[in-house]
1. Given the options ILE320, ILE376, name the one that is of a type in the set (A, V, I, L, M, F, W, C), modelled with pLDDT of 90 or more and within 16 Å of the ligand (Cβ to nearest atom).
2. When you look at LEU192, is it more than 19 Å from TRP393 (Cβ to Cβ) and open to solvent by less than 40 Å² (accessible area, probe 1.4 Å), yes or no?
3. Cβ-Cβ below 8 Å, separation at least six or inter-chain, first residue in segment 92-113 and farther than 30 Å from LEU185 by Cβ, second of a type in the set (Gly, Ala, Ser) and surrounded by fewer than 16 Cβ atoms within 10 Å (Cβ to Cβ): which pairs?
4. Kindly indicate whether any position in segment 265-275 is within 11 Å of the ligand (Cβ to nearest atom), in contact with a strand residue (DSSP E or B) (Cβ under 8 Å, 6 or more places away or on another chain) and open to solvent by 10 Å² or more (accessible area, probe 1.4 Å).
5. Of the conditions (1) over 26 Å from SER235 (Cβ atoms); (2) in contact (Cβ under 8 Å) with a residue 12 or more places away in the chain, LYS346 fails just one. Which one is it?
6. Which one of the conditions (1) open to solvent by less than 60 Å² (accessible area, probe 1.4 Å); (2) at pLDDT 95 or above does ILE30 fail to meet, given that it meets all the rest?
7. Given the condition more than 12 Å from the ligand (Cβ to nearest atom) and assigned to a helix (DSSP H, G or I), answer yes or no: does some residue in segment 354-368 qualify?
8. Can you name the number of the only condition in (1) in contact with a Phe, Trp or Tyr (Cβ under 6 Å, 6 or more places away or on another chain); (2) within 11 Å of the ligand (Cβ to nearest atom); (3) open to solvent by 10 Å² or more (accessible area, probe 1.4 Å); (4) under 30 Å from ARG68 (Cβ atoms) that ARG301 fails?
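The values are calculated or read from the model by the stated rules, or taken from the named source; none is laboratory data. Predicted model only: the values in this text are computed from it and were never measured. Every residue, glycine as well, gets a Cβ built from its backbone with ideal geometry; the counts of neighbours run over all protein chains shown. For accessibility, only protein heavy atoms count, side chains too; no ligands or nucleic acids. Shrake-Rupley method; radii C 1.70, N 1.55, O 1.52, S 1.80 Å.
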Amino acid sequence: MSDKATLEINGEKYEFPVVIGTEKEVAIDIKSLRSATNGIITIDPGFKNTGSCESAITFLDGEKGILRYRGYSIEELAEKAHFLEVIYLLIFGELPNKEKLDQFHADIKSHSIVDDDLKKILDAFPKSAHPMGVLSSLTSALTAFYPSSVDVASEEAMYNSITTILGKFPVIVSWTMRKKQGLPLEYGDDSLDYVENIVKMMFKSPNCEYKQNPILVNALDKLLILHGDHEQNCSTSTVRITGSSHAGLFVSLASGISALWGPLHGGANQAVLEMLEAIQADGGDTKKFMAKAKDKNDPFRLMGFGHRVYKNFDPRAKIIKVAADELLADLGIQDPILDIAKGLEKEALEDPYFVERKLYPNVDFYSGIIYRAMGIPVDMFTVMFALGRLPGWIAQWKEMRRNQEPIGRPRQLYVGETYRPFVPVDER
Ligand code: CMC
């Protein structure tokens, strides 16, 4: 592989360095393109061919269906690790030993109380508000309550901000759900492990003692690991670009939550379940919906299918499909929605339209079935995604600030009117 790439414009040749990542990925470094060519830029809507940064957090190979956090395969992590270990791994780069993990957990627990005044903000939202809007607002509001989160120059302040948000975010998540359900806003129990505590905060009933269900806790732990990070996706890029203006961690995360909300990104898990329910209500005719998805005059897309990067299979979807089967069997639940999903998947995988376009089930296709079996309301599904993605966003934000990346500011190709003189209103 040559270490230079040559670009020829109008007979003039320009050379740019070729850089190679640790997994042998190749990139052309065009940092000097504008200055060398006197203002020429590249154009790449949706950044389909553009690397926005160098990152050491997550590696994924869309052709081979590989996903690794800090070098560890997603399959191994989902099987052997706990979410808290994965949080540490993503943010600090190494798996913690027992002592470090315990200290990390203790530090998070020391931040697990949320200022009571935040409840007033939550109270002002109508019950009809979508939980993602509420979550984004409350996360942003945390900055007002804990302003030291912006000082990234200090190692201690950075660690403090990270443990603060890891302590408070699950509380906000559970309050967001409980407010909608008209339930009292509870705290968890710091004697529990991180995910057990989340489950208790969400599901504890005010009129009886809470009994932990290990099947449910394990399934959620696995699901959160699978959502932990996914390199430069839409919400992560949003977090990095917001943070690149030196905005604080919490507001950067809030902007990521907003980006995640959309149905083409994290919002797909809600959209998948609504689609499966619509198919069920319509009599279960999957072929009709397949035809709609293929019809270019119909805006309908098969939600939970396709991915910008995975063009073979999404390794997370494989794990989730098995987890959904296991959870439903363990809980003794028969869900006809799962049968519809499996039928739809089978048809799509054999259909030339989906085969030619390399459209496979993605992480969101089966996750909703698990959330539903856990008793999580449909409009909370994307909130659960956010809970899982939180460590990834934090790790990416931290990396971006530590690498002293410049402010994110893309260029554009202007295609509007050229200069025209102003015409006063009575002459138009
Ligand atoms: N159903 C029907 N057709 C599809 C679908 C789908 N789900 N996804 C892509 N296509 C078609 C698309 O119409 C296009 O066809 P053509 O080449 O004839 O114009 C072709 O496949 C390529 O699609 P694209 O939109 O150019 O691909 P993209 O990389 O820009 O978009 C995507 C990726 C995930 C936004 C898209 O596949 C999609 O909208 N999927 C449904 C929503 C979804 O499940 N999103 C969750 C993604 S995974 C989790 C996450 O990121 O949060």
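1. Numbers: ILE376 fails: within 16 Å of the ligand (Cβ to nearest atom).
From the options ILE320, ILE376, the qualifying one is ILE320.
2. yes
3. Matching pairs, first to second residue: GLY93/ALA56.
4. No, every residue in segment 265-275 fails to be within 11 Å of the ligand (Cβ to nearest atom), in contact with a strand residue (DSSP E or B) (Cβ under 8 Å, 6 or more places away or on another chain) and open to solvent by 10 Å² or more (accessible area, probe 1.4 Å).
5. Status for LYS346: all satisfied but (2).
6. It fails just one condition, (1).
7. Just the residues of segment 354-368 that are more than 12 Å from the ligand (Cβ to nearest atom), to begin with: none.
So far as segment 354-368 goes, no, none of its residues is more than 12 Å from the ligand (Cβ to nearest atom) and assigned to a helix (DSSP H, G or I).
8. In the conditions (1) in contact with a Phe, Trp or Tyr (Cβ under 6 Å, 6 or more places away or on another chain); (2) within 11 Å of the ligand (Cβ to nearest atom); (3) open to solvent by 10 Å² or more (accessible area, probe 1.4 Å); (4) under 30 Å from ARG68 (Cβ atoms), ARG301 misses (1) alone.
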